[in-house]
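Quick note: the coordinates plus some simple rules give every number you see, no bench work behind them. Small disclaimer: the values here were computed from a predicted structure and weren't measured. Here the Cβ positions follow ideal geometry from the backbone for every residue, glycine too, while neighbour counts run over all protein chains shown.
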Amino acid sequence: MSSNTSRRRWPLLLPPLLWQLTFFLLPLLFLFVISFWSVVNFRLEPDMTLKNWDFMLSRSSFWSAYGHTWALALGAAVVTTCCSFPAACSLAFTVSERTRKLALMFLVVPFFTSYLVRVYSWQAFLADNGIVNALLALVGLDGLPMLNSDFGSLVGYVTLALPLVTLVQTMGLAQIDRNLIEAAHNLRAGPVRTLFEVIMPLAKPSLVVGALFAFILAFGDFVAPTYLGGGAPPTLSNLIIDTTKSGQQWPRAAVVAIVMILTLVVTSLAAVRLAYGRRK
Amino acid sequence: MKEEDKSLLSPFRRRFLQGSSALAVGSALPLSLVSASSSAQTAGQPRTLTMLAWYGHAEPDIVAEFEAKYNVKVKPKYYTGGDNMLALISQSPAGTYDLILSDAEYVPQLRKAGYLERLEAKDYAFDDYFPEFQKFPGHWDGNDLYAVMVRFGFLGVAYNTDAVPESKARSFKVYWDPAYKGKVGHFDWYLPNMGEISLYAGHKAPYRLEGDQFAKLKGVMKSLRPQVAGFFDYGGTFSGLKNGQLQLVCGIGDWITGTLARSGAKVSSVVPDEGGLQWTESLSIGKGTRNRDLAKAFIQYITSAQGQVKSAKMAAYPALIPNRKGWELLAQSDPAEARRQGMVLQGHSVMDDIRSGKIVFRQLPVQQSIEDWNDFWSEYKEKA
């Protein structure tokens, strides 16, 4: 009976499998294959050479871009998680169901606008003679260099990831059994202890998954490091652009892309293990 | 049902005839449609002329008159940078682009790769061109012509006129001035930037460098890196200059600052004393085009005196023009713009800068590979 049921379910699995095969595995395979091709007179030529891998992985600029990208993405994950958490707590615990739904709907609104436009608009705030520095000057403080820096990139990443991370955290926090929080209060645990010993452990999966989303979005983002970070030092996405500009070296760009994908796969697996792994 | 059975049982010849007539009806339908479409075309349906170009070259301010005259719609595919253009061509079947607008240094590569049709020199108004541009390097292979120069411009020091006095901007040395630390930007393309700094390093032929000269260029560039705010594409350069975040930009010229100045931004460009670079845009006919005559007519249109004036004042970005009669017409129709761009037939003009040797053509590296230069560019971007 059960084998009959699973046989009947097979056709239902077919569409997602076909989808994954067509739009993920085949392009990925193609990306992997062209990383072994050559470029002759600006044209891709099928080949089976390791020179692209050797060239990219032996360059200090590649590893420095890798380290820089990793650090920025980690920073984005931490900053976004910290910025989202108070808002998510508030939405999950202090407002009515109706208000929460309304707020969650508003969290989606930023996605109605182009990310590029939102990043460009940040320039008006972060420029040396922009709005933030004008406000600082009003209270007698010196202006800060914010645009064309890692800080600028981080602002862009947070702009990109904050709504999504807040959404994930809110949904995770809202599912926490309130009786456990009340029990902690009844047992005389203060708000801080309740937060760190009850709420955060219970919300761990949503906190980790939210941070993972922020990491993934920041790791591959090209817009923020280019338009708010000044493109220097380059991130891996900047490096891909530079590589394709350098005589159409798509195979080398494919090497960078594969390393990025592998990094994200490993990071995701580690994050999932951290989020859902059993406590000892 | 019985009728069907009968037909199945009918003799082979009858079935063959039935099948043939069905086939004839089926094939006649599309043929009549093609014929109808062809009549519609002659009756007023516009043809399509495809163009691969930098942004702006197929906008109404440039092509509207041509479209109306020839009942044609110019369909552009815009690119950003020569490498992007090469990628688009190499990934498209022959005949995809009727017209190809490229930077002059890429014409020999396009020709060698077999992407261009040979042109007839007598079809174009070279006699109206300044002599320097009649046989432009790279456009000819012996006596065979492959591209016609349309417009050009200079690359030097772009600066914020409120923050930087012109006297300082007249030398590339200004990039190293401590007063502008963190305010110097690069247009993110190795070729114009490294060419400019190569001129500053004293190389009269900035792209033809021996090993020690290339090493010197790298050293000079590295010394500039602490001054640099960042590396920007067209949009980033535009906004950086406009909002005052960048006070000096290396690797650009009037093609950006001229556009910004039109909207009131306090920016300008100058060719410094060490010299400047010339960028050049040229039109070719794509290999395998099915609209050769129309493509030829477009090149004739845009290189005529009237077309050249449109090109000089192009809304997307202004440029200098190689047609002397175009200069004359511009002086009559818009003397202020002619003076602003230095295209004046009396007094000092941009042609004097070219003739004095102050301006050199931007070109691809001669002794080193493109990759050698671009790899250094990536390395340069990495370290402050």
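One-quarter of the Cα convex hull surface for chain A, in nm²?
22.9
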field: the stretch A:1-41 and the stretch B:87-122: distance between their alpha carbon centers, rounded to Å
entry: 38
- prompt: Hey, can you list the DSSP H helices of chain A whose Cα span along the axis is 15 Å or longer and whose average Kyte-Doolittle score is at least 1.6?
  reply: A:204-220, A:250-276
message: With n ≥ 4 as the cut-off for DSSP H runs, can you work out [θ] at 222 nm for chain B, using -39500 (n - 2.57) per run divided by the number of residues, rounded to the nearest 500?
response: -13000 deg cm²/dmol
query: Rounded to the nearest 5, what % of the DSSP beta bridges within the protein assembly as shown are antiparallel ones?
result: 60
query: So if we plug the beta-carbon distance of B:Q306 and B:T48 into 1/(1 + (r/R0)^6) with R0 = 30 Å, what FRET efficiency do we get, rounded to 0.05?
result: 0.80
D_trans [Stokes-Einstein, Kirkwood Rh over alpha-carbon pairs] for chain B, 37 °C, 0.692 mPa s, µm² s⁻¹: 141
query: What are the GluC sites (Glu not before Pro) within the stretch B:86-131 that DSSP puts in a loop, where the Cβ has at most 13 other Cβ atoms within 10 Å?
result: B:E120
task: Normalising by the residue count of chain B, find the relative contact order in percent from Cα pairs under 8 Å and 6+ residues apart.
output: 23
task: Please go through the residue pairs B:K216/B:K381; A:K245/B:K242; B:K73/B:K135; B:K75/B:K296 and name each one whose alpha carbons sit more than 19 Å apart in this structure.
output: A:K245/B:K242; B:K73/B:K135
- prompt: How much length is gained if the chain between A:M200 and A:V272 is pulled fully straight, taking 0.36 nm per residue apart and subtracting their Cα-Cα distance, in nm to one decimal?
  reply: 24.3 nm
field: trypsin sites (Lys or Arg not before Pro) lying in DSSP loop within the stretch B:55-151, provided at most 16 other Cβ fall within 10 Å
entry: B:R118, B:K135
query: How far is helix B:190-200 tilted off the main Cα axis of chain B, in degrees rounded to 10, range 0 to 90?
result: 30
- request: Distance between Cα centroids, the stretch A:82-125 to the stretch B:136-204: provide it in whole Å.
  value: 45
message: So if each residue of separation counts as 0.36 nm, and I subtract the Cα-Cα distance between B:S167 and B:D61, what length gain in nm does that give?
response: 34.6 nm
- prompt: At what distance in angstrom do the alpha carbon centres of the stretch B:314-365 and the stretch B:58-84 lie from each other?
  reply: 23
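Full-extension gain between A:L50 and A:A71, please, as 0.36 nm times their residue separation minus the C-alpha to C-alpha distance.
Working it through step by step, the gained length comes to 4.7 nm.
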